[in-house]
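Sending over a structure as structure tokens; questions will come in a sec.
Just so it is clear, none of the values below were taken in a lab; they were calculated from the coordinates. Keep in mind the model is a prediction, meaning the values are calculated, not measured. Note that each Cβ is placed from the backbone with ideal geometry, even for glycine, and that neighbours are counted across all protein chains shown.
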Ligand code: SAM
């Protein structure tokens, strides 16, 4: 049957759900931990580094949007697609946006996001100079199967920015899902608006599998199992199982980047930039020097037991260590 905008992940017939249930259940089951608890984790600094990447990218694109709007002083509306527990809420506040739409498939994560927003708002009211808060709305839905616009408080709303952080790859389960997610990202953007995001690097993962001569590889922090023929990866449904310390243990899908670019074009999106984290860091490290310190994003993870989390190679650590020493 055709999906209705009133469908929720729970209401979908089982055969239409794919891995949605597994993914939602996984994210819903992740406990919300306080900073002190989080700081004990072996991936504390890796997460801080990822947060720094997101902060810098969000600022970069909000900056472009503000520059274009300079004359008009008009509102800035953003969609945080697959927002999770609202890890980016503060970034949106610091970015001075006007309105935020938060969507995610995991209802418990979305409830935690609501609580975080309420907390952030009351802090801002308490602390003088806490900055402006923005208005917010929430949508609990599978972004790869539901037309989100119909769930907006105003379906004709035009957005300046859609951000999908560490999540777009879930849509590459199938072509219709990738198309649905891209339509959701594109169709409400103003001309000149941006769709930004972070995904896993399919080339890197396949290269690591080939190098290790096995479809399962990793270290004592992460483990990836690729569930397809690594010599003939499919364009969609290239399923992998990803485990990262105590945080992620979930099926994901690899994104064939040229296919993403081609599909995005179909929905009116033109590729502006793609960068590996390593290159993004090189480009932004001086501008984001202070934030790296504040966010404790480069405090060195002890590269003991030969462990380097996924996406960060031994050489990058050495480079990062040098940078920390010299940052002055
Ligand atoms: N964007 C957040 C961040 O950067 O902190 C959360 C990232 S988390 C790694 C991935 C998120 O994507 C989870 O909250 C998960 O529930 C959500 N997600 C996965 N598949 C989804 C789907 N089909 N529709 C909506 N949300 C989805």
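Give me D for the range 26-110 in µm² s⁻¹, whole number, from Stokes-Einstein with Rh from the Kirkwood sum over alpha-carbon pairs, 37 °C and 0.692 mPa s.
225 µm²/s
So if each residue of separation counts as 0.36 nm, and I subtract the Cα-Cα distance between residue 290 and residue 123, what length gain in nm does that give?
Answer, rounded to one decimal: 57.8 nm.
Okay, moving on. For residue 266 and residue 31, what does the FRET efficiency come to when R0 = 51 Å and r is the distance between their Cβ atoms, rounded to the nearest 0.05?
Computed FRET efficiency for residue 266 and residue 31: 0.80.
With a/c under 1.5 counting as rounded, go ahead and sort the range 153-292 into rounded, prolate or oblate using the C-alpha gyration tensor (a ≥ b ≥ c being the square roots of the eigenvalues; past the cut-off, prolate if a/b is larger than b/c, else oblate).
Since a/c reaches 1.5 but b/c is at least a/b, the shape of the range 153-292 is classed as oblate.
Another question, then. Shape call for the range 61-129 from the C-alpha gyration tensor, a ≥ b ≥ c root eigenvalues: rounded (a/c under 1.5), prolate (a/b greater than b/c) or oblate?
oblate
How long are the semi-axes of the ellipsoid equivalent to the range 96-203, from square roots of 5 times the Cα gyration tensor eigenvalues, in whole Å, largest first?
27, 16, 14
Same structure, new question: With an 8 Å cut-off on Cα pairs and a minimum separation of 6 or more residues, tell me the relative contact order of the range 129-245 in percent.
After rounding, I find 22 percent.
Put one equal scatterer on each alpha carbon of the range 220-298, apply the Debye formula with no solvent term, and list log10 I(q)/I(0) at q = 0.11, 0.14, 0.20 1/Å to two decimals.
-0.51, -0.79, -1.05
Oh, and also: Take the alpha-carbon centre of the range 240-304, take the same for the range 21-84, and report the distance between them in whole Å.
So the two Cα centres are separated by 12 Å.
With each label point set 7 Å from Cα along the Cα-Cβ vector, what nm distance links residue 207 and residue 66?
3.6 nm
I've got another one for you. Length gain on complete extension for the stretch residue 73 to residue 257, per 0.36 nm per residue less the alpha carbon to alpha carbon distance?
Taking 0.36 nm per residue and subtracting the Cα distance, the gain is 62.7 nm.
So, R0 is 30 Å and r is the distance between the beta-carbons of residue 116 and residue 227; what FRET efficiency does that work out to, to 0.05? Walk me through the numbers on the way to the answer.
On the way: r = 34 Å, r/R0 = 1.13.
The value I calculate is 0.35.
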